[in-house]
1. Quick one: in region 60-85, which of the residues that are farther than 17 Å from Asp179 by Cβ and among the charged types (D, E, K, R) is nearest to ligand 2 (Cβ to nearest atom)?
2. Restricting the search to region 74-95, which residues are touching a helix residue (DSSP H, G or I) at 6+ places or on another chain (Cβ under 9 Å), within 10 Å of ligand 1 (Cβ to nearest atom) and of a type in the set (Val, Ile, Thr)?
3. In region 167-183, what residues are hydrophobic (A, V, I, L, M, F, W, C), open to solvent by less than 20 Å² (accessible area, probe 1.4 Å) and within 36 Å of the chain's Cα centre (by Cα)?
4. Just name the residue that is farthest from ligand 2 (Cβ to nearest atom) out of those in region 4-59 that are among the polar types (S, T, N, Q) and either farther than 25 Å from Ile114 by Cβ or open to solvent by less than 20 Å² (accessible area, probe 1.4 Å) (or both).
5. Take region 43-57 and flag every residue that is within 13 Å of ligand 1 (Cβ to nearest atom) and either among the acidic types (Asp, Glu) or touching a strand residue (DSSP E or B) at 6+ places or on another chain (Cβ under 6 Å) (or both).
6. Name the residues in region 1-14 that are near ligand 1 (Cβ under 10 Å from one of its atoms) and part of a loop (DSSP other than H, G, I, E, B), would you?
7. Taking the criterion of being in contact with a Lys or Arg (Cβ under 8 Å, 6 or more places away or on another chain), at negative phi and crowded, with 17+ Cβ neighbours inside 10 Å, would at least one residue in region 140-158 satisfy it?
8. Are any residues in region 90-114 surrounded by fewer than 20 Cβ atoms within 10 Å (Cβ to Cβ) and either over 16 Å from Val39 (Cα atoms) or basic (Lys, Arg) (or both), and if so, which ones?
Amino acid sequence: MSDLVAVIIPAGGSGERLGAQLPKALVQLAGRTLIEHAVANMAPVASQIIVAAPTGYEDHFKKLLGTEITVVTGGSTRTASVKAALEHVDKSNEYVLVHDAARSLASTELAARIIDSLRAGEKAVIPGMTVSDTIKKVDANNYVTKTLTRSKLRAIQTPQGFTRKVLIAAHKSSDEVTDDAGLVESNGIEVKVITGEERALKITTPGDLATANRLLIAEINTEIRVGIGTDAHAFSADPNRTLHLAGLHWLGEVGVDGHSDGDVAAHAICDALFAAAGLGDLGSNFGTADPKYAGATGSQLLSETFARVSEAGYAINNVSVQIVGNRPKIGLRRSEAIAALSAALNGAAVSVSATTTDGLGFTGEGKGLSAIATALLVRSAR
Ligand code: CTP
Ligand code: MG
């Protein structure tokens, strides 16, 4: 028996209460339209997605959503839009979820829990939230006719899941309802409520859009990490050794001793990046024992470091390096140095500064060069 799932997303409304110039499903939330959010959240569990677009916007929706998504013309009510989409559900799907473009942030996880419950034998499964307000029924003149028992109430969300047969049978009715479970209930089918989620809120008013935006931002859990690195090399006694520093070749300057090209600025940045990412240091990553890195330039090591840090999920916010020594004069080639280091780090923001040490220490005595670097990394995980 097939257990594939089709998802219907009615998006045919105009969004009058939201008051935008465009149909609500085309309004942007954090850089993507509401319908794109809804489709992206449902796609992982769906074998087929059918979107009901507002009349006249079919091509716009097709372009936006791509060829994998079936776009149909919506009706004049939500129920009519669902009916139009239901006709296109492929028979290979055992289950159908009926969603709302307006509940754009409902999660894949919520959809998966509904499907689990259907696969466990339920015929109709809907998400619901307990209510915190007391709810009363009123008459036409706003006099209370009844106070409902709050603990027995649930505020119902979408996606709502059904076996395809149950949903088709329910839609034979010509009743207009605000949710599909309403039709299924009228057919005497038991409808199971499972726990919904805050992010499945229905975006109706501009305030709801602001709430959705806040939820989205709060969920992007950003981790910020700083790292520090230093390196030092002695100037070489060999006058033919050339200087490589900050990703540049310094003609006429005597180089430094060392197993690599001795680019203290590049090495300090590598260490700072590894430290920030918690990935060890230059030595533990590119040990002198590994022939692969023998003779690697500072820029090559930076590029490899960038790859490892990216692989661990981090993006560079910025890198800052200070070169300590009497020569060469960095200021004259600062922008070139920044460009070279940045290029090795895939365009990351880099600052380069330099200082002498007032004649003190090995750098002040002109015996060598050192560099100190910091790196700020950001990792975003949903
Ligand atoms: N819907 C639909 N076809 C309609 C009316 C509504 O497909 N003729 C969809 C909406 O696009 C939305 C969902 O049903 O995804 C829930 O409707 P609602 O939130 O009321 O959206 P709108 O009708 O667009 O908004 P409004 O009532 O403020 O105009
Ligand atoms: Mg409406």
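The values are calculated or read from the model by the stated rules, or taken from the named source; none is laboratory data. Nothing here was measured: the structure is a model prediction, and the numbers come from that model. Every residue, glycine as well, gets a Cβ built from its backbone with ideal geometry; the counts of neighbours run over all protein chains shown. Surface areas here come from the heavy atoms of the whole protein model, side chains and all, with no ligands, DNA or RNA. Shrake-Rupley method; radii C 1.70, N 1.55, O 1.52, S 1.80 Å.
1. Lys62
2. Passing the criteria: Thr79, Val82.
3. Within region 167-183, the subset hydrophobic (A, V, I, L, M, F, W, C) is 167-170, 177, 181, 183.
Remaining after also requiring open to solvent by less than 20 Å² (accessible area, probe 1.4 Å): 167, 170, 181, 183.
Leu167, Ala181, listed by residue number.
4. Here is the first cut: in region 4-59, the residues among the polar types (S, T, N, Q) are 14, 21, 28, 33, 41, 47-48, 55.
Now drop any that are not either farther than 25 Å from Ile114 by Cβ or open to solvent by less than 20 Å² (accessible area, probe 1.4 Å) (or both), which leaves 14, 21, 28, 33, 55.
Details: Ser14: 8, Gln21: 17, Gln28: 20, Thr33: 18, Thr55: 15 Å.
So, considering only residues that are among the polar types (S, T, N, Q) and either farther than 25 Å from Ile114 by Cβ or open to solvent by less than 20 Å² (accessible area, probe 1.4 Å) (or both), the one farthest from ligand 2 (Cβ to nearest atom) is Gln28.
5. Ile50, Val51, Ala52, Ala53, Thr55
6. The first filter runs over region 1-14 and keeps only residues near ligand 1 (Cβ under 10 Å from one of its atoms), leaving 8-14.
Those that are near ligand 1 (Cβ under 10 Å from one of its atoms) and part of a loop (DSSP other than H, G, I, E, B): Ala11, Gly12, Gly13, Ser14.
7. So in region 140-158, the residues in contact with a Lys or Arg (Cβ under 8 Å, 6 or more places away or on another chain) come out as 144-148, 157-158.
Filter once more, keeping what is at negative phi: 144-148, 157-158.
This time we only want the ones that are crowded, with 17+ Cβ neighbours inside 10 Å, so: 157-158.
Yes; the residues of region 140-158 include at least one that is in contact with a Lys or Arg (Cβ under 8 Å, 6 or more places away or on another chain), at negative phi and crowded, with 17+ Cβ neighbours inside 10 Å.
8. Asp90, Lys91, Ser92, Asn93, Glu94, Arg113
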